[in-house]
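Written out below as structure tokens is the structure these notes cover.
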């Protein structure tokens, strides 16, 4: 083989290897779209439902009772189907809250599924169907790793008709449900009715599946 052709062949192999290694460095999972749902500044991308208070303080999202002491929701303006949602929450009182998925709202009437956030012993990370079948699954053991008054991490995976939740790194429930698989809607944070309910949220991030 002539010397010139040998050099060209070597250069071609070098560039081919370079492109194969450096131009496509990610696996398919790593290419999934990741979205910061809360920007730490304002409520862009969210919709307030009800008279309860939702505001930003020190880069954190805060919800607390308003003048009516009724249910209130903060929903994403976009619908999400299959995803992994991660967030942190801190309960500053003994009230009830939650994270809804594939849910729709008319006023403060919500239809869909809730990942519970509640005081100790009340099934945080379980799944409740609003205006439907009620409790679908509660974690067992319940929520021994819930850090009341401190920050807690939560992960929620919704993929087709499968839902899984984690609380502070511990898997809490795994549920397969055909009705959930047919659901469409937004993600919504809840503040429960009552007095002196206050919850803080931060690092709300979603990865589309």
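The values are calculated or read from the model by the stated rules, or taken from the named source; none is laboratory data. In this text, all values refer to a predicted model and were calculated from it rather than measured experimentally. Counting neighbours? That spans all protein chains shown, and the Cβs are built from the backbone with ideal geometry, glycine included.
Residues that are part of a loop (DSSP other than H, G, I, E, B), at pLDDT 95 or above, in contact with a helix residue (DSSP H, G or I) (Cβ under 9 Å, 6 or more places away or on another chain) and within 21 Å of residue 35 (Cβ to Cβ): does the range 151-161 have at least one?
Yes - at least one qualifying residue is present in the range 151-161.
With the requirement that a residue be crowded, with 21+ Cβ neighbours inside 10 Å and on the phi < 0 side of the Ramachandran plot, what does the range 99-113 give you?
The answer is 99, 100, 101, 103, 110, 113.
Applying the selection to the range 110-132, what residues are in a strand (DSSP E or B) and either in contact (Cβ under 8 Å) with a residue 24 or more places away in the chain or over 15 Å from residue 191 (Cβ atoms) (or both)?
Result: 110, 111, 112, 113, 114, 115, 117, 127, 128, 129, 130.
Residue check: is residue 135 surrounded by fewer than 18 Cβ atoms within 10 Å (Cβ to Cβ) and part of a strand (DSSP E or B)?
Yes: the conditions hold for residue 135.
List the pairs whose first member sits in the range 179-202 and is on the phi > 0 side of the Ramachandran plot and in contact (Cβ under 8 Å) with a residue 12 or more places away in the chain, whose second member is assigned to a strand (DSSP E or B) and surrounded by fewer than 16 Cβ atoms within 10 Å (Cβ to Cβ), and whose Cβ atoms are under 7 Å apart, counting only residues at least 6 apart or on separate chains?
185/79
Among the residues of the range 174-205, what is the count of those that are crowded, with 20+ Cβ neighbours inside 10 Å and in a strand (DSSP E or B)?
Looking only at that region, the number is 9.
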